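A short reminder: the numbers here are calculations on the coordinates, not readings from a lab. Remember, predicted model here, so these are calculated numbers, not experimental data. Every residue, glycine as well, gets a Cβ built from its backbone with ideal geometry; the counts of neighbours run over all protein chains shown.
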Amino acid sequence: MLIVLKESITADQIEEITERVRESGLTPGLVPGASRSAITVTGNTGVVVVPDIEELPGVLRVIRVTKPYRLATLEGTEGKHSVFQIGEAQVGSSNAWFVAGPCSVDEPERLMRTAHKLKEIGAQALRGGAFKPRTNPYAFQGHGEDGLKLLAEARNQTKLPIVTEAMDPSQLDLVEKYADVVQIGARNMQNYSLLKRAGQARIPVLLKRGLSATLDELLNAAEYILAEGNDQVILCERGVRTFGDHCRFMLDVAAIPVLKSLTHLPVIVDPSHPAGTRRLVDPLARAAVAAGADGLIVEVHPEPEHALSDAQQALRFNDVIQLADTARQIASVLNRSFGADASQG
């Protein structure tokens with residue numbers, strides 16, 4: 001059960017509600033939100049019943065939830081999906097969010113050139129890695145705070161919000177200081193300490209699906225963040241590992257409509273990582289937009305041959321211009337739009 005509270009509720013009224021829950025032999029949990037708070041009710045495996053709870057002062061409504069992810073579920077929302085303001089974009093709206101940038105922050109001039117070009121073609125946020133989780137321990141692992149400072153400078157010049165990854169809880173303070181959205185990568189989807197810390201962050205969280213994670217596991221990972229009070233979570237499908245070797249990962253296109261039927265959270269797609277090669281990024285991006293994705297996050301580099309990571313899948317400027325144009329055409333068929341108006345860049 002989820003008890004949604006009125007914005008005007010007082011501390012005494014919250015105490016009265018939680019005490020009524022305890023009297024019923026159940027456990028209340030206060031979940032603060034940006035606009036209004038809620039109380040989760042747990043404690044048994046059957047139907048949760050708290051007598052007359054809807055009549056108590058301060059209660060807006062009571063939602064009977066059957067899913068284990070009580071806060072992420074679409075149940076009880078009347079089919080309404082969450083929309084978050086990030087920069088000038090409304091993420092989760094009919095305007096599909098356009099995020100692009102280099103896998104890793106490298107040379108300052110290249111980063112600024114990339115940011116300005118992306119702004120020009122209608123990107124709504126700049127992605128870039130300052131902390132990089134790498135399979136090989138000897139591979140480049142990011143510039144750390146220096147990389148974050150470069151991203152912040154790119155934002156100052158272009159007004160593009162920054163999306164960047166944190167790999168462990170100790171990095172969250174720095175990421176919050178410089179960035180607008182913290183990304184939790186696929187390898188960390190079930191890093192519960194990191195999820196809990198991200199739930200306490202003041203900025204939205206972009207949560208990527210793990211390499212072998214089910215949708216229930218992804219949604220329960222999101223629940224860890226939501227349960228700590230951060231209600232701005234964006235889910236990202238980025239491909240799963242299968243028996244096939246024709247691409248790096250298999251983009252689970254079916255996950256897009258399925259997730260949107262299960263959760264109110266926005267669902268975006270990373271077509272770069274499953275592609276693993278430049279020529280496949282655009283077709284996968286098209287499929288994602290056609291399937292109803294709420295946005296794309298794409299790797300772009302002005303000189304991929306000089307990129308410090310994932311060079312083979314990084315799009316050149318001409319490539320990403322074509323991708324954005326095609327995405328806009330597909331989105332328009334679905335009565336949606338994609339990215340910002342390129343003429344405003």
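Quick notes
- Rounded to the nearest Hz, the phi-derived 3J(HN,Hα) couplings of region 88-95 under the Karplus curve 6.51 cos²θ - 1.76 cosθ + 1.60 (θ = phi - 60°) are 9, 9, 9, 6, x, 8, 6, 8, where x marks glycine and proline.
- 22 Å Cα-Cα reach of residue 177 towards lysines, excluding residues that sit fewer than 8 places from it in its own chain: 132, 149, 159, 196, 208
- The GNM of the chain, with springs linking C-alpha atoms under 10 angstrom apart, assigns the highest mean-square fluctuation among 218, 308, 334 to 334.
- Estimated FRET transfer efficiency (residue 342, residue 13; beta-carbon r; R0 56 Å; 0.05): 0.65
- A helix-only calculation puts the chain at -10000 deg cm²/dmol for mean residue ellipticity at 222 nm, using -39500 (n - 2.57) for each DSSP H run of at least four residues, averaged over all residues.
- Here region 163-178 and region 1-27 have alpha carbon centers that stand 34 Å from each other.
- Cα→Cβ-extended label distance, 7 Å offset, between residue 60 and residue 187, nm: 3.9 nm
- In the calculated pair-distance distribution of region 2-63, the portion above 17 angstrom amounts to 28 percent of the Cα-Cα pairs.
- Estimated FRET transfer efficiency when R0 is 30 angstrom, pair residue 306-residue 211 (beta carbons, to 0.05): 0.60
- Mean Cα-pair separation over length for the chain, i.e. relative contact order, pairs under 8 Å, 6 or more apart, %: 18 percent
- Largest-first ellipsoid semi-axes for region 84-344, taking √(5λ) over the Cα gyration tensor eigenvalues, angstrom: 23, 22, 19
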